[in-house]
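Enquirer: Questions regarding the structure given below will be posed in turn.
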Amino acid sequence: MDAVSIINKKKAGQELTSSEIKYFFNGYLNGEIPDYQMSSLLMAICLKDMTDMEIFHLTDTFIDSGTKLDLSKIDGIKVEKHSTGGIGDKTTLVVAPVLASCGLKVAKMSGRGLGVTGGTIDKLESIPGFKTNLTLDEFIDKTNRVGFSICESSDELTPLDKKVYALRDVTGTVDSIPLIASSVMSKKIASGADKIFIDIKLGKGAFIKSHDEALRFKDIVERIGYRYKKEVRAEISDMDTPLGNSVGNSLEVLEAINVLQGKEGNNLTKLCSKIIVDILMMAKNISEEEAIKEAGEAMSSGKAYQKFLEFVKEQDGDIEQLKVSDKTIEIKSPKGGVITAIDALKIGTIANQLGAGRTKLEDEIDPTVGVYLNKLVGDEVKEGDVICTLYIGAKEEYDDPLEAFTIE
Ligand code: URA
């Protein structure tokens, strides 16, 4: 077996065997296969696709590259949710405390944002003092006591995915269904939850751009779950438009708090409710009506918000010190009409240009900057109305925000 013939086989659109996949990818992890050969195979996979069996073998190889978490010391039903990456997606910060208030356990390992998509770890680190780097014992102990805990993915879990993902990001090989499915599912299986919910983002601001691709992704991740005896539910959600009003780390934490306090009612609230209800139905085997009632009570009683505060304190965060930049620029509508679209990719790009995200892994982010959408899709505007507000830090070069809005 040798690397070049494996690359050529995939380039010709043929199916790789389990041993060829293991040889190549494990060889990359231990340094025997260089970046350029791995990049070449990844590009061949992007262009020629993989069969379901190849995707299963690749997922197995990622999982076997590290340790699997043993969550048996956490009492009760352990659930996980994962999104394939979006703009303004702070659903985890709402979903986890509500589920914990309903008696489920959420032991969630999350990632940082890369490119225009945000990451839960960056959002949480905008809370001064918040500790995302937990030992496994701390993670399990906090999940048992609070009901949920969120920490950064450990290096021991699927290290191969980490190395391959970093290479994909800089070689134009992220948007491939086999590569995304094996990457996401290997992490979820290795992190040990019983029930897994996958939020498949579809649209301009997502890696998956077509409905057919999203359906294929749904089918394959549910079948990977079945192979590993995990219940997986995957649902498709819109990512043409940013989720909620805010994009940027502190701004998003504040918005999540508003949702937990029942103050918001937009596409973010709707998606959070859907995810919560689906997970409750799956985990507790209850009807949709019962799930809606349980979730509603957790929110309206204030229990979910208290859970969030307890979680922040438990991980050493000081929510009182959460700050957004005090330097703002208001962007006004050039005409009257109705907002018919807000381009998620453009808003995500501007938030990144302001410093809310990274273009390279080692970039520092500014948690206080971002974009606040004063108007959302469907809103009527008059000429001169503020349609969005930019929270600015040291970086002051950005695209024209008006290009993100369609006003008709
Ligand atoms: N999220 C992941 O974890 N992996 C991908 O490949 C894409 C999104």
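The values are calculated or read from the model by the stated rules, or taken from the named source; none is laboratory data. On a predicted model such as this, the values are computed, not experimentally measured, just so you know. So basically every Cβ, Gly included, is an ideal-geometry build from the backbone, and we count neighbours across all protein chains shown. Quick note on the areas: whole protein, heavy atoms, side chains included, nothing else; ligands and nucleic acids left out. Shrake-Rupley method; radii C 1.70, N 1.55, O 1.52, S 1.80 Å.
Enquirer: Within the set of pairs 6 or more residues apart or between chains, which connect a residue that is farther than 23 Å from Lys68 by Cα inside region 161-175 to a residue that is in a helix (DSSP H, G or I) and within 9 Å of the ligand (Cβ to nearest atom) with Cβ atoms less than 7 Å apart?
Expert: Arg168/Leu179; Thr173/Leu179; Val174/Arg168
Enquirer: Would you confirm whether or not region 12-30 contains a residue that is open to solvent by 30 Å² or more (accessible area, probe 1.4 Å), on the phi < 0 side of the Ramachandran plot and touching a Gly at 6+ places or on another chain (Cβ under 9 Å)?
Expert: No: region 12-30 contains no residue that is open to solvent by 30 Å² or more (accessible area, probe 1.4 Å), on the phi < 0 side of the Ramachandran plot and touching a Gly at 6+ places or on another chain (Cβ under 9 Å).
Enquirer: Which one of these is more than 13 Å from the ligand (Cβ to nearest atom), more than 14 Å from the chain's Cα centre (by Cα) and in the same structural domain as Ile87 (by TED's automatic domain parsing): Glu222, Glu235?
Expert: Glu222
Enquirer: Right, here's the next one. Hey, can you tell me all the residues within region 63-112 that are more than 16 Å from the ligand (Cβ to nearest atom), under 17 Å from Asn249 (Cβ atoms) and in contact with a Cys (Cβ under 8 Å, 6 or more places away or on another chain)?
Expert: Within region 63-112, just Val94 meets the criteria.
Enquirer: Mind checking which pairs have a first residue in region 224-245 that is closer than 30 Å to Asn374 by Cβ and a second that is at pLDDT 95 or above and aromatic (Phe, Trp, Tyr), Cβ under 7 Å, 6 or more apart or different chains?
Expert: Matching pairs, first to second residue: Asn245/Tyr372.
Enquirer: Using beta carbons and a limit of 9 Å, which pairs, at least six apart or on different chains, have the first residue in region 363-376 and free of Cβ contacts under 8 Å to residues at least 24 places away in the same chain and at negative phi and the second one assigned to a loop (DSSP other than H, G, I, E, B) and of a type outside the set (Asp, Glu)?
Expert: Close Cβ pairs satisfying both conditions: Asp363/Gly355; Asp363/Gly357; Glu364/Gly355; Glu364/Arg358.
Enquirer: Inspect all residues belonging to region 252-259 and state whether any of them is touching a Ser or Thr at 6+ places or on another chain (Cβ under 6 Å), at negative phi and among the acidic types (Asp, Glu).
Expert: Looking through region 252-259, at least one residue is touching a Ser or Thr at 6+ places or on another chain (Cβ under 6 Å), at negative phi and among the acidic types (Asp, Glu).
Enquirer: Of the residues that sit in region 329-350 and are of a type in the set (D, E, K, R) and surrounded by 19 or more Cβ atoms within 10 Å (Cβ to Cβ), which one is farthest from Val369 (Cα to Cα)?
Expert: Looking at the filtered set, the residue picked out is Asp343.
Enquirer: Step by step: first the residues of region 31-41, then only those that are surrounded by 15 or more Cβ atoms within 10 Å (Cβ to Cβ) and in contact (Cβ under 8 Å) with a residue 40 or more places away in the chain, then the one that is farthest from Ala3 (Cα to Cα). Which residue is that?
Expert: Ser39
Enquirer: Continuing with this model, one more query. Against the conditions (1) under 19 Å from Val253 (Cβ atoms); (2) open to solvent by less than 10 Å² (accessible area, probe 1.4 Å), where does Leu160 fall short? Just the number, please.
Expert: The one condition Leu160 does not meet is (1).
Enquirer: Let me ask you something else. Scan Leu179, Leu215 and give me the residue that is in a helix (DSSP H, G or I), of a type outside the set (Ser, Thr, Tyr) and within 11 Å of the ligand (Cβ to nearest atom).
Expert: Testing whether each residue is in a helix (DSSP H, G or I), of a type outside the set (Ser, Thr, Tyr) and within 11 Å of the ligand (Cβ to nearest atom) leaves just Leu179.
Enquirer: Of the numbered conditions (1) under 26 Å from Leu251 (Cβ atoms); (2) outside any helix (DSSP H, G or I); (3) of a type outside the set (Phe, Trp, Tyr); (4) within 13 Å of the ligand (Cβ to nearest atom), Ile121 fails exactly one; give the number of that condition.
Expert: Of the numbered conditions (1) under 26 Å from Leu251 (Cβ atoms); (2) outside any helix (DSSP H, G or I); (3) of a type outside the set (Phe, Trp, Tyr); (4) within 13 Å of the ligand (Cβ to nearest atom), the odd one out for Ile121 is (2).
Enquirer: Against the definition (among the small types (Gly, Ala, Ser), within 16 Å of the ligand (Cβ to nearest atom), at pLDDT 95 or above and farther than 25 Å from Ala298 by Cα), how does Ala166 come out, yes or no?
Expert: Considered against the rule, which asks whether it is among the small types (Gly, Ala, Ser), within 16 Å of the ligand (Cβ to nearest atom), at pLDDT 95 or above and farther than 25 Å from Ala298 by Cα, Ala166 comes out as no.
Enquirer: I need the full set of residues from region 351-375 which are open to solvent by 10 Å² or more (accessible area, probe 1.4 Å), assigned to a loop (DSSP other than H, G, I, E, B) and within 19 Å of Thr328 (Cα to Cα), in order please.
Expert: Ala356, Gly357, Ile365, Asp366, Pro367, Thr368, Asn374, Lys375
Enquirer: Being out of contact with any strand residue (DSSP E or B) (no Cβ under 8 Å at 6 or more places or on another chain) and without any contact (Cβ under 8 Å) to a residue 24 or more places away in the chain is the filter here; which residues of region 95-137 pass it?
Expert: Selection gives Thr135, Asp137.
Enquirer: So, one more: Which one of these is within 23 Å of Thr241 (Cα to Cα), within 13 Å of the chain's Cα centre (by Cα) and buried (at least 24 other Cβ atoms within 10 Å of the Cβ): Gly113, Gly119, Gly88?
Expert: Sole residue among the options that is within 23 Å of Thr241 (Cα to Cα), within 13 Å of the chain's Cα centre (by Cα) and buried (at least 24 other Cβ atoms within 10 Å of the Cβ): Gly88.
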